[in-house]
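See below for the structure under consideration.
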Amino acid sequence: MQMNIKEIAVSCKSIITEPEKNIKKIKTILNIKTENEKEKAVIYISLLKVFKSIIPLYKIRTLKDKVKYKKDDLEITEGDKTILKMYSLFINTLCSDTSFITYIIASEIMAHFEHFNFIDIIIKKILKGTIIKTDITKTDNNSNVKAEYNITDNNINKTDIITDNNNTRTDNINKTDIITDIITDNNNTRTDNISNVCLNTLKNIINEDKNGDLIFCIVNQMYETQFHPEVLSFLLEINLLKDFLEEETEKPKDKFFKIKRSFKKQERKLEKKRRQIEEERRKEKNQEEKQDGFVIHRKIVDSLQRLYFLILRDKIKQKYKYTFIGLKKYKKFIRKEFYEGLYVLLNDSLNISNYEEKLYCILTVLDIYESYRYDFKKLVQALYEILFVFNTNLDITKMKLIEEVVDKLFIKIKQPVKRVHLILERFLIFGCLRYNPVIKRIISKLQSFYDIDFTETFRFNEENALEEDLKGRDIDQIEIKPLYCYEIFKNIL
């Protein structure tokens with residue numbers, strides 16, 4: 001079927017005016033075959049406007065033949081079934097299409113139909129859109145003119161106010177301007193890409209979700225869908241979980257009754273019984289509140305942990321950074337039976353991570369397993385290799401991470417003095433060649449805590465004195481050298 005914009009406009013207007021009579025025209029519009037990006041944009045935008053006018057304000061439950069309206073379950077009508085059937089056809093067509101406009105339309109659907117059906121399919125589409133990269137240049141099928149499709153949010157200053165069914169919704173991102181550029185081949189100031197639009201959509205959903213269902217759906221769809229690592233950073237600051245995380249934090253017990261003691265035996269018995277009854281009631285009340293108010297919160301945290309474990313298991317290195325930070329943030333919800341397996345996964349990840357990821361991995365391991373009295377030799381070895389003299393990746397931000405690692409690995413946990421001397425040597429040489437104020441603080445901390453005498457000399461094998469290839473060697477087998485460079489470092493200061 002050939003594209004005719006005027007006929008599409010007439011059909012859409014008739015559907016909006018009399019949906020019961022004309023709704024099946026949606027199928028006719030979707031059957032229009034075209035590979036032209038502009039024509040696809042016209043079709044999808046037109047149908048989006050139609051659904052904005054006819055979709056009800058409730059979700060249709062097909063399995064129960066019910067609709068959920070506020071707190072009531074109402075019987076599903078034939079009109080509801082027809083709308084759902086046409087909407088299903090629209091969503092399936094949209095999500096199976098890989099043209100650029102479909103990702104913008106999917107973002108618009110989430111902004112207006114988040115209460116309706118097939119949200120999981122739309123979220124999956126948006127997640128895929130987060131990895132659609134950079135400005136796109138395509139050739140129009142009907143002309144020899146190349147059109148640039150620069151999908152962006154950052155250059156949009158307008159506010160798009162859309163009114164549907166007496167509900168007014170304000171969107172900070174005016175995607176109408178973006179779509180207009182696609183349709184008119186307007187190569188103006190659009191500089192970002194589809195990925196930014198999809199990322200902003202997911203970020204807004206996570207920040208604004210009040211009941212947690214959408215966040216839970218996003219995490220579940222991330223298990224088997226490719227997505228941009230930045231999405232993981234959004235899941236570190238979920239507003240919905242703030243009260244839950246504070247509630248789960250252990251509070252100090254009230255020791256008032258332990259201090260006060262009655263000398264009368266009968267009074268002590270009565271007081272003990274009263275406290276037991278009060279404690280039981282308090283536990284029951286807390287349990288009821290948690291079950292009523294925190295069910296979805298627990299489900300979100302559990303699903304996040306599963307996602308982190310899958311990333312570590314599958315060795316998806318580009319997502320390691322926010323995975324390590326997430327594990328550290330939600331560590332108190334990790335079940336004890338997973339600790340041993342997680343420790344193995346983290347150590348495996350440490351071996352294949354880049355410099356910054358290694359630092360976050362070390363901090364995560366120390367934060368979770370600090371009280372387990374493990375010998376963190378692998379962590380010291382990793383830090384030793386990171387502090388290579390010519391490592392140009394160590395900027396001021398990473399040096400602050402290194403300082404945090406040193407505090408936890410060498411100050412909170414006492415290490416063998418040989419390891420301390422080897423790490424100090426690396427810091428001193430590094431500080432002589434590339435001075436950084438953070439290095440001075442680290443050296444001072446280690447010197448004070450371990451009472452290091454920099455004038456003391458150590459025996460070492462002269463034949464290995466010039467050996468430079470220390471990567472991969474056991475740190476406890478490396479010969480200790482005199483810290484002669486301390487005098488140079490002191491003069492530099």
* To do: Would you pull out the residues with amide H under 5 Å of K59's amide H, same chain only if 5 or more places away, H placed 1.01 Å from N?
  => K68
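Length gain on complete extension for the stretch I396 to E75, per 0.36 nm per residue less the alpha carbon to alpha carbon distance?
That works out to 109.3 nm of additional length.
How do Y339, Y369, Y360 line up, fewest other C-beta atoms within 10 Å first? Mind showing how you got there, number by number?
Details: Y339 12, Y369 17, Y360 20.
In increasing order of surrounding Cβ atoms, one gets Y339, Y369, Y360.
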* Structure fact -> Expected unfolding gain across R275-K49 under the 0.36 nm per residue rule, minus the alpha-carbon gap, is 75.1 nm
* **Label-to-label distance, nm, for residues given as Y223 and N92 (7 Å Cα→Cβ offset)** => 2.4 nm
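Looking at segment 1-61, which trypsin sites (Lys or Arg not before Pro) are in a loop (DSSP not H, G, I, E or B) and have at most 10 other Cβ atoms within 10 Å?
K33
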* What are the residues whose amide H is under 5 Å from the amide H of H228, where those residues sit 5 or more places off or on another chain and H is modelled from the backbone? -> T130, I131
* Karplus-derived HN-Hα couplings along segment 404-413 (A = 6.51, B = -1.76, C = 1.60, θ = phi - 60°), whole Hz, x at Gly and Pro -> 5, 5, 4, 4, 7, 8, 10, 9, 6, 10
* Asked: Looking at the P(r) of segment 197-243, how many percent of alpha-carbon pairs lie beyond 14 Å?
  -> 46 percent
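Here, each number is a calculation from the coordinates, and none is a lab measurement. Model, not experiment: these values are computed from the prediction. No Cβ is skipped: glycine too gets one built from the backbone with ideal geometry, and neighbour counts run over all protein chains shown.
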